[in-house]
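Values quoted throughout were computed directly from the atomic coordinates according to the rules given, and no laboratory measurement underlies them. It should be emphasised that the depicted structure is a prediction, and the values quoted were computed from it without experimental measurement. Here the Cβ is made from the backbone with ideal geometry for all residues, glycine too, and neighbour counts use every protein chain on show.
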């Protein structure tokens with residue numbers, strides 16, 4: 001196994017984890033994990049000069065993970081606002 005294929009396997013594993021956590025959300029924690037995995041993978045892909053792929057899954061993790069954070073952020077704000085009104 002060459003260094004590039006080992007690095008591609010590592011990136012694939014990171015992005016697979018990111019996609020799964022972006023779907024599960026786990027009350028925002030999964031979304032945060034998804035975004036962190038995407039950032040780590042993006043750094044590796046950018047440093048590889050086109051040898052490592054995965055940009056589509058990086059965008060998936062950013063978009064779906066970001067939506068999860070926005071959703072749970074909205075829920076948290078509503079809980080706080082309704083708690084202050086009580």
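Do you know which residues across region 35-62 are surrounded by 14 or more Cβ atoms within 10 Å (Cβ to Cβ) and farther than 17 Å from residue 10 by Cβ?
35, 60, 62
Can you tell me which residue in region 1-21 is surrounded by the most Cβ atoms within 10 Å (Cβ to Cβ), limited to those that are in contact (Cβ under 8 Å) with a residue 40 or more places away in the chain and within 20 Å of residue 50 (Cβ to Cβ)?
Among those that are in contact (Cβ under 8 Å) with a residue 40 or more places away in the chain and within 20 Å of residue 50 (Cβ to Cβ), it is 15.
Can you tell me which residue within region 46-83, out of those that are outside any helix (DSSP H, G or I) and closer than 22 Å to residue 33 by Cβ, is nearest to the chain's Cα centre (by Cα)?
Taking region 46-83 first, the residues outside any helix (DSSP H, G or I) are 48-54.
Those left that are additionally closer than 22 Å to residue 33 by Cβ: 52-54.
Working: 52: 18, 53: 16, 54: 13 Å.
Among residues in region 46-83 that are outside any helix (DSSP H, G or I) and closer than 22 Å to residue 33 by Cβ, the one nearest to the chain's Cα centre (by Cα) is 54.
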